[in-house]
Amino acid sequence: MKLECMDLLAKEGYYYCDWNTSNGDDSGSKSAKQLYNYFVDYSKGYNNLIVSMHDSSTKQTTAEALDDIIEYLYNNGYTFHRLD
């Protein structure tokens, strides 16, 4: 089903992408340090990352972890690009 949807989107001129790593903010309340550590562990082995993080009033620690996550990525040779 997923491949069929991807093919249909491509035929209609849309680009499909999906996340392949996370900081773990989807489950429970975690500190910024826990989110950072989860991200570092979960992202190992990927050359290209599309990161899932949530932005809501209940996810303040996600925003707090973001600077450290971005610094980690830069320090490990990642670059940032638009998906389009």
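The values are calculated or read from the model by the stated rules, or taken from the named source; none is laboratory data. Since we're looking at a predicted model, the values are computed, not measured. Positions of Cβ are generated from backbone atoms using ideal geometry, with glycine treated the same way; all protein chains shown enter the neighbour counts. These accessible areas exclude ligands, DNA and RNA; they are computed on the full protein's heavy atoms, side chains included. Shrake-Rupley method; radii C 1.70, N 1.55, O 1.52, S 1.80 Å.
Looking at the chain, identify the longest residue range that excludes and avoids all trypsin sites (Lys or Arg not before Pro) in DSSP loops having at most 11 other Cβ atoms within 10 Å. Numbers along the way, then the final one.
On the way: sites that count: Lys44, Arg82.
Longest site-free region, per DSSP loop and neighbour criteria: 1-43.
Averaged per residue, the chain has 78 square angstrom of accessible surface, using a 1.4 angstrom probe with ligands and nucleic acids left out. Model label sites at Lys11 and Arg82, defined 7 Å from Cα along the beta-carbon direction, differ in position by 2.8 nm. Counting only protein chain heavy atoms and rolling a 1.4 Å probe, the accessible areas of Phe80, Phe39 rank, largest first, as Phe80, Phe39.
For the chain, modelled as a GNM whose springs connect Cα atoms under 10 angstrom apart, the maximal fluctuation among Tyr74, Tyr38, Tyr14 occurs at Tyr14. Taking every alpha-carbon pair under 8 Å whose residues sit at least 6 apart, the range 15-64 reaches a relative contact order of 47 percent. A straight Cα-to-Cα reach below 13 Å connects Lys33 with the aspartates and glutamates Asp25, Asp41, Glu64, Asp67, Asp68, residues fewer than 8 places away in its own chain not being considered.
Out of every Cα-Cα pair in the chain, what percent are more than 14 Å apart? Mind dumping the intermediate values first?
Working: 2357 of 3486 pairs.
Cα-Cα pairs of the chain separated by over 14 Å account for 68 percent.
Counting Lys and Arg as +1 and Asp and Glu as -1 over every other residue whose Cβ lies under 14 Å from the Cβ of Cys5, the net charge comes to -2.
Within the same chain, aspartates and glutamates fewer than 8 places from Lys11 are excluded, and of the rest, those with a Cα less than 18 Å from its Cα are Asp84.
Report relative contact order for the chain in percent, whole number only (criteria: Cα-Cα under 8 Å, sequence separation at least 6). Don't skip to the answer; put the middle values down first.
On the way: 70 pairs, mean separation 24.1, N = 84.
It rounds to 29 percent for the chain.
The portion of the accessible surface of the chain made up by carbon and sulfur, rounded to a whole percent, is 51 (1.4 Å probe; DNA, RNA and ligands excluded). Between His54 and Asp67, the simple label model (points 7 Å from Cα in the Cβ direction) yields a spacing of 2.4 nm. Using only side-chain charges placed at the Cβ, +1 for Lys and Arg and -1 for Asp and Glu, the dipole size of the range 5-78 relative to its Cα centre rounds to 120 debye.
Report the extension gain between Ser31 and Glu4 in nm, rounded to one decimal, defined as 0.36 nm multiplied by the number of residues separating them, less their alpha carbon distance. Provide the component values of the computation, followed by the final result.
On the way: separation 27, 0.36 × 27 = 9.72 nm, distance 3.88 nm.
Result: 5.8 nm gained on full extension.
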